[in-house]
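For reference, the structure is listed below as structure tokens.
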Amino acid sequence: MTFRLLQARKEAGFSQEEVAKAIGVTLQTYRRYEEKGADSMRLPVLVKLVDLYGCTVDWMTGRTEKRELR
């Protein structure tokens, strides 16, 4: 999931700070998600991320290669 977080953020052109603010976590917390994994990420945060990037939870978590919602 860490690779997908980084990939989605870079493709969207956001900084880590912008994403952290958009999903309601501290910059330190978001950096930890990208660098060390998101094992402790709560579901509402994951939902905010997939909404922000327009992708599926399955894609974000590596369960599928299908990224689009439709």
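When only Cα pairs under 8 Å and 6 or more residues apart are kept, what is the percent relative contact order across the chain? Don't jump to the answer; show the numbers that get you there.
On the way: 61 pairs, mean separation 23.0, N = 70.
The normalised contact order for the chain reaches 33 percent.
Were the residues from residue 18 through residue 6 laid out at 0.36 nm apart, the gain over their Cα-Cα distance would be 3.0 nm. Label separation (residue 42 vs residue 64): 2.7 nm, computed from points 7 Å beyond Cα along the C-beta direction.
Dipole size of region 1-44 about its Cα centre, with +1 on Lys/Arg Cβ and -1 on Asp/Glu Cβ: approximately 80 debye, rounded to the nearest 20.
Just so you know, all these numbers are worked out from the coordinates, no wet-lab data involved. None of the values given here were measured: they were computed from a predicted structure. For neighbour counting, all protein chains shown are included, and Cβ atoms are generated from backbone atoms with ideal geometry for every residue, glycine included.
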